[in-house]
Amino acid sequence: MPPQSTPGPQLRLSRSETNFYADSGLDRASEKRKDEAWLAARLADPASRFVPVWRSRNWVDPNEARAILVGRDVLDALPPGDLEPVLLGLAGEVAYFTLDISHVEGGENGPALIEAASATFLDLRLVGPRLAHREGSMLAYARGMLTWHRRHRFCGQCGAPTRSIEGGHVRVCTAEACTLEQFPRTDPAVIMLVTHGDKCLLGSNPRFPPGMYSTLAGFVEPGETLETAVAREVLEEAGVRVHTVRYHSSQPWPFPTSLMLGFYAEAETEALAVNTVELRDARWFTRDWIRANAREFHETDAPFRVPRADSIARRLIDDWLKGEV
Ligand SMILES: [Zn+2]
């Protein structure tokens, strides 16, 4: 039997048509960003806005659930560092950049760039679902770009330093004999809700907090289609063969560098052979049982919790609970 918990209020099911972090609304200006003079003018423009990221944390006002952006004047006051602003894009005529300020010393809430009592550098996942959709997406985009820059400061082919060009959308090797170009990467991962009749399969990963159950997931390997990756992961983790793999939607998940590709898949049988290295538990749950017993992710004392509200895992579960799939 699944673990029992006291009946609670129904879950707040997702209402959004778009996954969290999926659409910043910015024009990425793919052609303009190749023009160095245009970029320099945007960087110097007092109207341009900058999204600071400090040690993988985004700057937000959690009380008002909003991102804090700054102007060029605030950046000019920072201690000198190896700053390589990355162009996120344009909203109308206004350019938006992001900048890694991890070299600036800061306390528990990170450096205080401007006077703002509740401003703090936070892991985006702690506040993302409360931010305006496009704002949350822009912060996720910024985090993803800067993680890539931080991890690609040296050439993977010859080991020489690389430098940022095209507004931060390319890094090029500085060795004349090499000049290898690298582009921002995102790692495709499949995430799937496996169903059988009125039941779905949820697992608890050893890395999850206690009581949390979610969809199965795994990285796509070279030489695989998305569909074969779904089937392989489910077989490896739960010992179940699936058919009828159907795409749902995708979600940028820059924690640190993934693109989550969401699917539904139907199981041939309910017999499980759970891989206890990958999962500490996996079980079938009916819609009614989940509706009656599941609690929100933040209810940390609950014996059965569903994934956080900003995740595509949650969206897959919610849409299935609503009978939309
Ligand atoms: Zn090189």
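The values are calculated or read from the model by the stated rules, or taken from the named source; none is laboratory data. Remember, predicted model here, so these are calculated numbers, not experimental data. Here the Cβ positions follow ideal geometry from the backbone for every residue, glycine too, while neighbour counts run over all protein chains shown.
Mind listing just one residue for me: the one in region 193-223 that is closer than 30 Å to ARG28 by Cα and touching a strand residue (DSSP E or B) at 6+ places or on another chain (Cβ under 9 Å) and, of those, farthest from the ligand (Cβ to nearest atom)?
Within region 193-223, the match that is farthest from the ligand (Cβ to nearest atom) is ALA217.
Quick check on region 85-110: of everything there that is among the acidic types (Asp, Glu) and in a loop (DSSP other than H, G, I, E, B), which residue is modelled with the highest pLDDT?
The residue in question is GLU93.
Could you list, in sequence order, the residues of region 51-83 that are closer than 14 Å to THR98 by Cα and touching a helix residue (DSSP H, G or I) at 6+ places or on another chain (Cβ under 6 Å)?
Matches in region 51-83: VAL51, VAL53, ASN58, ALA67.
What are the residues in region 236-252 that are over 27 Å from the mean Cα position of the chain (by Cα) and either of a type in the set (Lys, Arg) or over 12 Å from ALA267 (Cα atoms) (or both), if any?
If the condition is that a residue be over 27 Å from the mean Cα position of the chain (by Cα) and either of a type in the set (Lys, Arg) or over 12 Å from ALA267 (Cα atoms) (or both), then ARG241 is the only one that fits.
For region 91-128, what are the residues that are of a type outside the set (Phe, Trp, Tyr) and within 25 Å of SER30 (Cβ to Cβ)?
ALA91, GLY92, GLU93, VAL94, ALA95, THR98, LEU99, ASP100, LEU124, listed by residue number.
Counting just the residues of region 272-325 that are of a type in the set (Gly, Ala, Ser) and surrounded by 19 or more Cβ atoms within 10 Å (Cβ to Cβ), which one comes out nearest to THR215 (Cα to Cα)?
It comes out as ALA313.
Examine region 220-237 for a residue that is at positive phi, in contact with an Asp or Glu (Cβ under 8 Å, 6 or more places away or on another chain) and of a type outside the set (Gly, Ala, Ser), and state whether such a residue exists.
no
Please work out which residue is farthest from the chain's Cα centre (by Cα), limiting yourself to region 150-180 and to residues that are surrounded by 16 or more Cβ atoms within 10 Å (Cβ to Cβ) and away from the ligand (no atom under 16 Å from the Cβ).
GLU166
Would a scan of region 110-120 turn up a residue that is under 21 Å from ARG42 (Cβ atoms), surrounded by fewer than 16 Cβ atoms within 10 Å (Cβ to Cβ) and not β-branched (Val, Ile, Thr)?
No: zero hits.
Does ARG143 count as within 30 Å of TRP59 (Cα to Cα), under 14 Å from the mean Cα position of the chain (by Cα) and crowded, with 18+ Cβ neighbours inside 10 Å?
Spelling it out, ARG143 is indeed within 30 Å of TRP59 (Cα to Cα), under 14 Å from the mean Cα position of the chain (by Cα) and crowded, with 18+ Cβ neighbours inside 10 Å.
Residues being in a helix (DSSP H, G or I), at pLDDT 95 or above and small (Gly, Ala, Ser): count how many of those fall in region 117-164.
The qualifying residues number 5.
Yes/no matrix, rows are residues, columns are (1) more than 30 Å from PRO307 (Cα to Cα); (2) not β-branched (Val, Ile, Thr):
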| site | (1), (2) |
| --- | --- |
| ALA67 | no, yes |
| THR98 | no, no |
| ASN109 | no, yes |
| LEU113 | yes, yes |
| GLY136 | no, yes |
| THR162 | yes, no |
| ALA175 | yes, yes |
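Could you tell me how many of the residues in region 273-284 are touching a residue at least 12 places away in the same chain (Cβ under 8 Å) and out of contact with any strand residue (DSSP E or B) (no Cβ under 6 Å at 6 or more places or on another chain)?
The qualifying residues number 4.
Anything in region 181-192 that is away from the ligand (no atom under 16 Å from the Cβ), surrounded by 15 or more Cβ atoms within 10 Å (Cβ to Cβ) and assigned to a strand (DSSP E or B)? List them, or say none.
Within region 181-192, PRO188, ALA189, VAL190, ILE191, MET192 qualify.
Is there a residue being touching a helix residue (DSSP H, G or I) at 6+ places or on another chain (Cβ under 7 Å), of a type in the set (Phe, Trp, Tyr) and part of a strand (DSSP E or B) anywhere in region 28-50?
Yes.
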